[in-house]
């Protein structure tokens, strides 16, 4: 997901309670001012409304001219006070598409964009969705993805980067030492459970939409409530770890239409064919703040220890798998990783669970898991 401008952005009025003309009022969106006045879609979807306000008594007259994008993630995105609309109702838009020009129409005291996001009929904090601080004066440059290299599998700064042309996720419980695949990684963060018979199984933390593989029969009854339409579908409030309940965590989503994006979600969207959560490492083309962003999602340092790491990155609407050896936990949420990857033009990257289970190349050139323990899911690509 990108910011709603191509250039730098300043927050002029944050989301939430504010004082306006001496009155305490609740601001349902965030006011942004861009150096480049072209307003862009932060998520793909369909234009649900494209309105020119001519009636001052209209219920939405205070918004002035506005565009509503019905996002692929199930949310409604409102871009208000536009000087000019560049899309009409029914048009399909992708991330980064120009949809309007910043203006001061409606109830406005100066040129700006009122950016509002609604989920299940309620306004939610848009700054958390686009990954900026909800603070007046915050300035951040919207990054333009770099040109994708010709290679679909290459190395840079000790990291292996591979395009996931056949991306899929499968939940299963079986011994890791039996797995040898060319393109497979372990993904997701999980909690272990034991059934009454003593069988060990796992359920994820965060969000997950995936296929069902070989599951221990003793554990099958425990995941059955979450199998919908042949897929395992679990959100933050019904998974293994209570520390994620009521939270939104960074989740990579692939929809039925093939769209790919990362968003902070409390549950996977209904049109997701695959979704998986991970520690946010790069959002909106920039490094993330561990204490104010990563930790706020519920991730703690216990998620960060591993010898070898796998990340999922999004670049120009495609999924890429990034793998590399880690020296310290700083590699996950500090500057070490960012320095290695920043020139590659990824808009979003999430870090997957290492958990002591990592991949190495065998003499035959295959990848094999090192540790003998039950696994949680495969990501194949």
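What to note about this one:
- Subset tally (residues that are more than 26 Å from residue 348 (Cα to Cα) and in contact with a strand residue (DSSP E or B) (Cβ under 8 Å, 6 or more places away or on another chain)) for the stretch 89-107: 5
- Residue check: residue 115 meets all listed conditions (1) under 26 Å from residue 259 (Cβ atoms); (2) in a loop (DSSP other than H, G, I, E, B); (3) in contact with a helix residue (DSSP H, G or I) (Cβ under 8 Å, 6 or more places away or on another chain) but one, namely (2).
- Residue in the stretch 67-81 that is crowded, with 18+ Cβ neighbours inside 10 Å, at pLDDT 90 or above, in a helix (DSSP H, G or I) and not assigned by TED's automatic domain parsing to the domain that holds residue 255 present: no
- A single member of 39, 43 is in a loop (DSSP other than H, G, I, E, B) and under 21 Å from residue 127 (Cα atoms), and it is 43.
- Looking across 338, 299, one residue alone is at pLDDT below 85, in a loop (DSSP other than H, G, I, E, B), touching a strand residue (DSSP E or B) at 6+ places or on another chain (Cβ under 7 Å) and crowded, with 16+ Cβ neighbours inside 10 Å. It is 299.
- Count of residues meeting criterion [under 23 Å from the mean Cα position of the chain (by Cα) and surrounded by fewer than 22 Cβ atoms within 10 Å (Cβ to Cβ)] in the stretch 15-30: 2
- With a requirement of 1 or more residues that are under 27 Å from residue 96 (Cβ atoms), touching a strand residue (DSSP E or B) at 6+ places or on another chain (Cβ under 6 Å) and modelled with pLDDT of 70 or more, the strands (runs of 3 or more DSSP E) lying completely within the stretch 178-293 that satisfy it span 208-212, 249-255, 260-265, 272-277, 279-283.
- Looking across the stretch 1-14, the residues that are surrounded by 14 or more Cβ atoms within 10 Å (Cβ to Cβ) and assigned to a loop (DSSP other than H, G, I, E, B) come down to 1, 2, 3, 4, 6, 14.
- Flag for residue 51 being surrounded by 15 or more Cβ atoms within 10 Å (Cβ to Cβ), at pLDDT below 90, over 25 Å from residue 265 (Cβ atoms) and not assigned by TED's automatic domain parsing to the domain that holds residue 264: yes
The values are calculated or read from the model by the stated rules, or taken from the named source; none is laboratory data. Given the structure is predicted, the values throughout are model-derived calculations rather than measurements. FYI the Cβ positions are ideal-geometry reconstructions off the backbone, even for glycines, and counts take in every protein chain you see.
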